[in-house]
Amino acid sequence: MELYTYEELKKFVDHCGRCSLAQGRNRAVMGKGNLHSSVLFIAEGPGRNEDRDGVPFTGRSGEVLDQLLQKVGMRREDIYLTNIVKCHPPGNRDPLPQEQEACMPYLKYETLLLRPKLIVCLGRIAAQRIIRPDYRIMREHGTFICRKNVWLTSVYHPSAILRDESKLPEAEADFRKIKDKLGELE
Ligand code: URA
């Protein structure tokens, strides 16, 4: 399989027309972060702020993500962060299965580029796409499985924490586990 550089992939994403989300977008949002990181965070899709800025998690949920990382001594620069779909779904709806499918090649190439030891799914949509279609985020967040030598886990999506702050302590505990797992794997 051919590998692409980050810049090549970003160019494909920026000009992508593989699904109808392209028509409504302002900017496509390629993943961003440390290409040498052993951890890949995957969320569902860009929100309105990200659609404007062309960068993942620039809005309020980005602040929550940064707080959670900071709590365990990590920074955005230590991770690579991307989304299942690279274009903002109108009205912030869940990305449709066919939109997710159309965007999967980009995520595959990002994964090949990064070769992560741990993949963290931010929220249900990512967990159901990456871990298991019947994944139950409320029940299973913070648990780890190993598949093809890559560890997989999930945490609540930062916007779910913004909607319900009582989820914060569990999210902090999950980020602590992520940090510990990375310590084991390094
Ligand atoms: N929510 C997401 O799922 N992804 C982003 O990039 C921003 C908000």
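The values are calculated or read from the model by the stated rules, or taken from the named source; none is laboratory data. Being a predicted model, the structure only gives us computed values, none of them experimental. All Cβ positions, even for glycine, are placed from backbone atoms using ideal geometry, and neighbour counts span all protein chains on display. All accessible areas refer to the heavy atoms of the entire protein, side chains included, with ligands and DNA or RNA removed. Shrake-Rupley method; radii C 1.70, N 1.55, O 1.52, S 1.80 Å.
Has segment 18-28 got at least one residue that is closer than 21 Å to LYS108 by Cβ and touching a Gly at 6+ places or on another chain (Cβ under 9 Å)?
yes
How many residues does segment 125-140 contain that are open to solvent by less than 20 Å² (accessible area, probe 1.4 Å) and either in a helix (DSSP H, G or I) or over 17 Å from ILE84 (Cβ atoms) (or both)?
So the count comes out to 3.
Please state which of the following conditions PHE144 fails to meet, knowing it meets all the rest: (1) in contact with a Phe, Trp or Tyr (Cβ under 6 Å, 6 or more places away or on another chain); (2) buried (at least 19 other Cβ atoms within 10 Å of the Cβ).
(2)
Return the residues of segment 65-75 that are more than 10 Å from the ligand (Cβ to nearest atom) and either touching a helix residue (DSSP H, G or I) at 6+ places or on another chain (Cβ under 8 Å) or open to solvent by less than 10 Å² (accessible area, probe 1.4 Å) (or both); say none if nothing qualifies.
ASP66, LEU68, LEU69, LYS71, VAL72, GLY73, MET74, ARG75 - these are the residues of segment 65-75 that are more than 10 Å from the ligand (Cβ to nearest atom) and either touching a helix residue (DSSP H, G or I) at 6+ places or on another chain (Cβ under 8 Å) or open to solvent by less than 10 Å² (accessible area, probe 1.4 Å) (or both).
Have a look at ALA173, ALA102, ALA127 and point out the one that is within 13 Å of the chain's Cα centre (by Cα) and farther than 16 Å from ILE79 by Cβ.
Being within 13 Å of the chain's Cα centre (by Cα) and farther than 16 Å from ILE79 by Cβ holds for just one of ALA173, ALA102, ALA127, which is ALA127.
Would you confirm whether any residue within segment 29-47 is crowded, with 16+ Cβ neighbours inside 10 Å and either over 24 Å from LEU112 (Cα atoms) or more than 17 Å from the chain's Cα centre (by Cα) (or both)?
Checking segment 29-47: at least one residue is crowded, with 16+ Cβ neighbours inside 10 Å and either over 24 Å from LEU112 (Cα atoms) or more than 17 Å from the chain's Cα centre (by Cα) (or both).
Yes or no, residue by residue, for (1) open to solvent by 10 Å² or more (accessible area, probe 1.4 Å); (2) within 12 Å of the ligand (Cβ to nearest atom):
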position: GLU2; (1), (2): yes, no
position: SER20; (1), (2): yes, no
position: ASN26; (1), (2): yes, no
position: ASN49; (1), (2): yes, yes
position: ARG52; (1), (2): yes, yes
position: PRO56; (1), (2): no, yes
